Amino acid sequence: MSRIFFDAASHTLLLTTPATSYALRIDAEGAPRHLHWGAPLTVEQATALPTYDGLTSSFASTSGEEINVEGGPRFGVPSLLVRYANGARGVEWHYEGHEITDGSELHIHLRDQHYPLGCTLHYAVHDDSDIIERSLTVRHLGTADEDGPIEMLRCDAAVWSIPSRSGTRMTHTVGQWTGETQLRRTEAPYAETTFTSRRGVSGHFGNPWLMVDAGDATETHGDVWSTVLAWSGSWRITAHRDHTGGPFTVAGGGGHDGISRRIQPGESHRTPVFAGQFSQGGFGAASRGWHAYIANHVLPHPDEPRPVIYNSWEATGWHVTPHGQRALADRAADLGVELFVVDDGWFGQRTNDRAGLGDWHPNPEHFPDGLGPLVDLVRRLGMGFGLWVEPEMTNPDSDLYRRHPDWVLHMPHRRRTELRHQLVLNFAREDVTEWAYKWLDRLVAQHTIDYLKWDMNRAFTEAGWPGHPDGERLWTDHTRGVYAVIDRLRHAHPGLRIEGCAGGGGRADLGMLARTDQTWISDNTDAVDRITIQHGYSQIYPARTMSAWVTDSPNPHTGRTTPLPYRFHIAMTGALGIGGDLSHWSQPELDEARELVALYKSIRPVVQFGRQYRLEDAVQYMADDRLVVIAWGHDRDLPLNGLSLDDVYVDELTGAEHHAANLLTRGLPLHLGGGDRPSAVVRLTKQ
Ligand code: DGJ
C-alpha cells in the first residue's frame with residue numbers, strides 16, 4: 001500500500017503515516033511549500049489547503065517552505081546557506097521532478113536556475129510508526145574545475161513547520177557532566193532560538209531533539225510535534241517563532257555556526273536524518289512513538305534482552321589488576337551477573353588519566369600473560385567478557401602520540417589544549433581510522449570479546465587538519481569515521497555488542513544508537529539524581545538502551561546514602577547493571593542483591609520490551625499480559641495508564657485482584673514499606 005500520493009493538477013504531495021498526514025506543494029516557481037503536519041487528511045483535503053503566504057504577501061519571517069534558503073524575500077533561518085565560487089549566494093529553485101519509491105520514500109529533486117547546485121529532499125514513512133524521516137542531499141553539478149567549489153555555510157537536514165498557536169512551548173534538555181538530560185519546558189520567544197553543540201559530539205549540555213506544543217499538552221493529553229536529529233557530532237536546531245503569522249519552524253542538522261564545508265564539482269553531501277513525529281496523547285505518547293521507532297528502525301538488535309552487567313569502574317578506577325578483577329568477577333557471577341566489563345586502566349601505562357591512551361595492549365606489569373587468563377576465568381564463571389576502550393583519544397604521554405603527533409586535531413601556531421590530559425585523534429583521516437579498526441579487530445578477535453564500552457571523554461578544540469584543503473570537514477567526517485569503524489567492526493564480529501559512552505551521556509543520540517546496543521547515560525550513579533536524568537533520557541530513548549548501575553552507598557559522587565533495594569529499583573527502570581565495589585559488600589547485602597537481580601530478570605522482558613508510561617514518582621511498563629510498576633516516594637494510590645477498562649489484573653506476589661477501571665481512576669494501592677527512601681516493584685498479570 002502506498003503511503004505517498006501526488007495530485008498532479010495542484011502539484012500536491014501527501015505523506016501518510018498510521019495516524020498522521022504531512023502535505024506539501026511544489027509552487028509555480030518550483031519551490032516546495034509546506035501545507036500540513038498533523039491529523040490525517042485525504043488527498044482531496046490536502047489539495048484544498050492554501051500555502052502559507054509568507055513569500056507572496058506578508059513577507060513573514062518564516063515563509064513555510066520545506067527548505068529555507070537565501071533568495072528573494074526570504075528572511076527566516078536559512079537551512080541551506082551556500083556561497084558559490086564567484087561570491088554569489090542564495091538559490092533560485094528549478095523543480096526537476098520527484099520519485100516515490102516503494103510507496104514509502106519521496107525524493108524531490110531541485111536545482112538552482114543558474115548555479116551548479118543540485119538538491120534532493122528525502123522523506124521516508126513507515127507502516128508501523130508516525131515518525132517521518134527527512135534528510136537532504138546537496139550535489140555540485142559542475143564538471144570542470146573552473147566551476148569552483150560551493151561552500152556550504154549551513155546545511156540542515158530539514159525544516160519542520162508547525163502551525164502557529166496562541167501559545168507555543170518548547171521542550172528540550174539541558175545538562176552537564178554527571179547531570180545530563182534535565183528536562184526543560186519553556187514558552188518560545190518571538191525570536192530565533194538555537195539549541196546547539198559546538199563540541200564535536202552531541203554533548204552533555206543539550207540532547208539533539210526538540211518538542212513543541214501549544215502550551216496545553218500534558219504527559220497524557222495534547223498535540224505534540226517532536227523532532228530528533230540522528231547525529232553524534234556538533235549540531236544545531238533553530239526554532240523560529242514569527243510574530244507576523246508564519247508557521248513555527250524548527251530547522252536542524254549537523255554542524256554549528258561558523259563552520260563550513262566545500263563541495264567540489266561532482267561531489268555530493270548527504271545530511272543525517274532529522275526525524276519528526278506529530279502525536280496526540282501528550283508527551284507520554286510522543287515518547288512511546290520514539291521508543292517503538294527506535295526499536296523497529298534504529299537499533300541493530302532490538303529484540304535481544306540486554307544482559308545484567310557488572311562494570312568495574314567505580315570499584316577499581318585505574319587500579320586494574322587480574323587479582324582485583326577476579327575478586328569482583330567471583331562475586332558478580334554469584335549475584336547472577338551475565339556480563340563482566342573491565343573498564344578503563346587495563347592497557348598501556350594507564351595507571352591514571354595522564355598516560356596510555358592510544359597504546360591498546362594490556363598493561364605489561366599487571367597483565368604479563370595478557371588478558372587471556374582473566375577472560376577465561378570470567379567465561380568459566382558463566383559470564384560474557386567486555387572491555388572499555390576510548391579509540392578516538394590519545395595522551396601526549398603515549399607511544400602512539402610520540403610516533404604520530406600529527407594524528408591529533410591541531411592548528412599551526414596554536415596550543416594543543418589538553419582536557420583530561422588527552423587530545424582528540426582525527427578520525428576524519430583514513431590512516432587513523434584504519435589504525436583504529438586494526439587494533440580493535442585484533443583485540444576483539446583475540447579474545448572473542450562480547451562487549452565493548454566505547455568511551456569519548458573530551459570535546460574538540462583547535463579542530464584543524466593542517467595540509468588539508470578543506471580541513472573544516474573534519475567536524476562531519478570525524479563522526480562519520482567513528483561510525484565507519486564501529487560499523488565495520490560489528491560486521492566483522494556479528495556477536496559483538498557495544499555500549500556508547502562519552503564521559504557518561506555526552507554522545508547519547510540516534511546516530512550512536514543505530515550502531516550500539518545501549519548507552520551509558522551518566523557518570524552520576526546516585527539513585528536520587530538518576531531519577532531526573534533517566535526521566536529526561538526516556539523522553540526519546542527506550543529503556544532497553546539505558547544502562548543503569550547499582551553502586552555503593554554513600555554514593556562516591558554525591559555522598560548520599562540510600563538503601564540497596566532503592567538503588568536497585570531505580571536502576572531496574574532500564575538495563576540493570578552493578579558498578580559498586582562488591583569486595584566491600586556484606587554477606588546480607590550480597591544475598592539481598594542476588595534476590596534483586598533475580599527479580600529484575602523476572603521483569604526484564606516487560607521493562608526492556610514493553611510500552612513505558614511515566615507516572616508520578618513511578619514508571620509503568622506493559623507487554624502482552626504483564627504489567628510492572630516501579631515506584632518510589634511514599635505509600636499512596638497510584639493511578640495507572642494505558643489499560644483497557646474491562647481488564648482485571650492479579651498481583652503476582654499477593655494474589656490481590658485489581659480491576660483496570662479502578663487502577664486507572666483510584667489507582668494501584670502502593671505499600672512501599674518504611675524507612676528511608678521506600679520503593680517497590682509491583683508485578684501484575686492480566687487475568
Ligand atoms: C567516563 C565514563 O563515563 C566512565 O564510566 C568511565 O568509563 C570513565 N570514563 C573511564 O575513564
*Pick from region 459-477, criterion open to solvent by 30 Å² or more (accessible area, probe 1.4 Å) and either part of a loop (DSSP other than H, G, I, E, B) or in contact with an Asp or Glu (Cβ under 9 Å, 6 or more places away or on another chain) (or both), ranking: nearest to the ligand (Cβ to nearest atom)*: 461
_Selection status of residue 551, of a type in the set (S, T, N, Q) and either within 18 Å of the chain's Cα centre (by Cα) or open to solvent by 20 Å² or more (accessible area, probe 1.4 Å) (or both)_ = no
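Conditions tested, residue by residue: (1) closer than 26 Å to residue 574 by Cβ; (2) touching a strand residue (DSSP E or B) at 6+ places or on another chain (Cβ under 8 Å); (3) not charged (D, E, K, R).
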| residue | (1), (2), (3) |
| --- | --- |
| 266 | no, yes, yes |
| 283 | yes, yes, yes |
| 298 | yes, no, yes |
| 306 | yes, yes, no |
| 310 | yes, yes, yes |
| 320 | yes, yes, yes |
| 326 | no, no, no |
| 329 | yes, yes, yes |
| 334 | yes, no, no |
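Which is at pLDDT 95 or above, within 16 Å of the ligand (Cβ to nearest atom) and open to solvent by 10 Å² or more (accessible area, probe 1.4 Å), of 452, 419? Spell out how you get there, then give the answer.
Numbers: 452 fails: open to solvent by 10 Å² or more (accessible area, probe 1.4 Å).
Of the residues listed, the single one that is at pLDDT 95 or above, within 16 Å of the ligand (Cβ to nearest atom) and open to solvent by 10 Å² or more (accessible area, probe 1.4 Å) is 419.
Given the criteria part of a helix (DSSP H, G or I), assigned by TED's automatic domain parsing to the domain that holds residue 120 and open to solvent by less than 60 Å² (accessible area, probe 1.4 Å), does residue 276 qualify?
Details: part of a helix (DSSP H, G or I): no; assigned by TED's automatic domain parsing to the domain that holds residue 120: yes; open to solvent by less than 60 Å² (accessible area, probe 1.4 Å): yes.
No.
Evaluate the following for residue 445: is it hydrophobic (A, V, I, L, M, F, W, C) and either open to solvent by 10 Å² or more (accessible area, probe 1.4 Å) or within 16 Å of the ligand (Cβ to nearest atom) (or both)?
yes
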*Does residue 314 meet the test of being away from the ligand (no atom under 15 Å from the Cβ), in contact (Cβ under 8 Å) with a residue 60 or more places away in the chain and farther than 16 Å from residue 449 by Cα?*
no
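Taking residue 383 as the residue in question, decide whether it is away from the ligand (no atom under 16 Å from the Cβ) and either modelled with pLDDT of 95 or more or not hydrophobic (A, V, I, L, M, F, W, C) (or both).
On the way: away from the ligand (no atom under 16 Å from the Cβ): yes; either modelled with pLDDT of 95 or more or not hydrophobic (A, V, I, L, M, F, W, C) (or both): yes.
When the stated conditions are applied, residue 383 passes them.
Results for (1) on the phi > 0 side of the Ramachandran plot; (2) open to solvent by 40 Å² or more (accessible area, probe 1.4 Å); (3) among the aromatic types (Phe, Trp, Tyr), shown as yes or no for each residue.
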{"position": "297", "(1), (2), (3)": "no, yes, no"}
{"position": "302", "(1), (2), (3)": "no, no, no"}
{"position": "306", "(1), (2), (3)": "no, no, no"}
{"position": "311", "(1), (2), (3)": "no, no, no"}
{"position": "316", "(1), (2), (3)": "no, no, no"}
{"position": "332", "(1), (2), (3)": "no, no, no"}
{"position": "339", "(1), (2), (3)": "no, no, no"}
{"position": "344", "(1), (2), (3)": "no, no, no"}
{"position": "347", "(1), (2), (3)": "no, no, yes"}
*Go through region 1-47 residue by residue and tally those that are under 25 Å from residue 213 (Cα atoms) and part of a loop (DSSP other than H, G, I, E, B).*
8
*Which one of 576, 564, 510 is in contact with a helix residue (DSSP H, G or I) (Cβ under 9 Å, 6 or more places away or on another chain), outside the structural domain of residue 231 (by TED's automatic domain parsing) and surrounded by fewer than 24 Cβ atoms within 10 Å (Cβ to Cβ)?*
564
*Which numbered condition trips up residue 480, out of (1) under 23 Å from residue 273 (Cβ atoms); (2) open to solvent by less than 10 Å² (accessible area, probe 1.4 Å)?*
(2)
*What pairs can you find where one residue is in region 671-685 and among the polar types (S, T, N, Q), the other is open to solvent by less than 20 Å² (accessible area, probe 1.4 Å) and part of a loop (DSSP other than H, G, I, E, B), and their Cβ atoms are less than 8 Å apart, with a gap of 6+ or different chains?*
679/672
*Considering region 238-272 alone, what residues qualify as being surrounded by 24 or more Cβ atoms within 10 Å (Cβ to Cβ) and of a type in the set (A, V, I, L, M)?*
239, 250, 251
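When you scan region 154-231 for strands (runs of 3 or more DSSP E) that lie fully inside it, which ones turn up with 1 or more residues that are under 21 Å from residue 123 (Cβ atoms) and among the hydrophobic types (A, V, I, L, M, F, W, C)?
Details: elements: 158-162, 169-174, 182-187, 192-197, 209-213, 223-229.
The qualifying strands (runs of 3 or more DSSP E) are 158-162, 209-213, 223-229.
Identify, from the list 652, 592, 616, 657, the residue that is within 16 Å of residue 570 (Cβ to Cβ) and more than 29 Å from the chain's Cα centre (by Cα).
On the way: 652 fails: within 16 Å of residue 570 (Cβ to Cβ); 616 fails: more than 29 Å from the chain's Cα centre (by Cα); 657 fails: within 16 Å of residue 570 (Cβ to Cβ).
Result of the check over 652, 592, 616, 657: 592.
Residue by residue through region 484-507, note down the ones that are charged (D, E, K, R), under 18 Å from residue 310 (Cβ atoms) and crowded, with 24+ Cβ neighbours inside 10 Å.
Step one: list which residues in region 484-507 are charged (D, E, K, R), which gives 487-488, 490, 497, 499, 507.
Among the residues that remain, those that are also under 18 Å from residue 310 (Cβ atoms) are: 497, 499.
The answer is 499, and nothing else.
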*What tally of residues in region 328-365 results from selecting those that are over 30 Å from the mean Cα position of the chain (by Cα) and more than 16 Å from the ligand (Cβ to nearest atom)?*
10
*Quick one: residue 439 ticks every box in (1) open to solvent by less than 10 Å² (accessible area, probe 1.4 Å); (2) out of contact with any Ser or Thr (no Cβ under 9 Å at 6 or more places or on another chain); (3) farther than 17 Å from residue 260 by Cα except a single one, so which number is it?*
(1)
*asked:* Between a residue in region 499-528 that is aliphatic (A, V, I, L, M) and any residue that is part of a strand (DSSP E or B) and within 10 Å of the ligand (Cβ to nearest atom), which pairs come within a Cβ distance under 8 Å, given they are 6 or more apart or on different chains?
replied: 508/502; 521/505; 521/547
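The values are calculated or read from the model by the stated rules, or taken from the named source; none is laboratory data. Note that this is a predicted model, so its numbers are computed, not measured. Neighbour counts run over all protein chains shown; Cβ positions are idealised from the backbone, glycine included. Ligands, DNA and RNA are stripped out before the accessible areas are found, and what is left, the full protein with its side chains, is counted by its heavy atoms. Shrake-Rupley method; radii C 1.70, N 1.55, O 1.52, S 1.80 Å.
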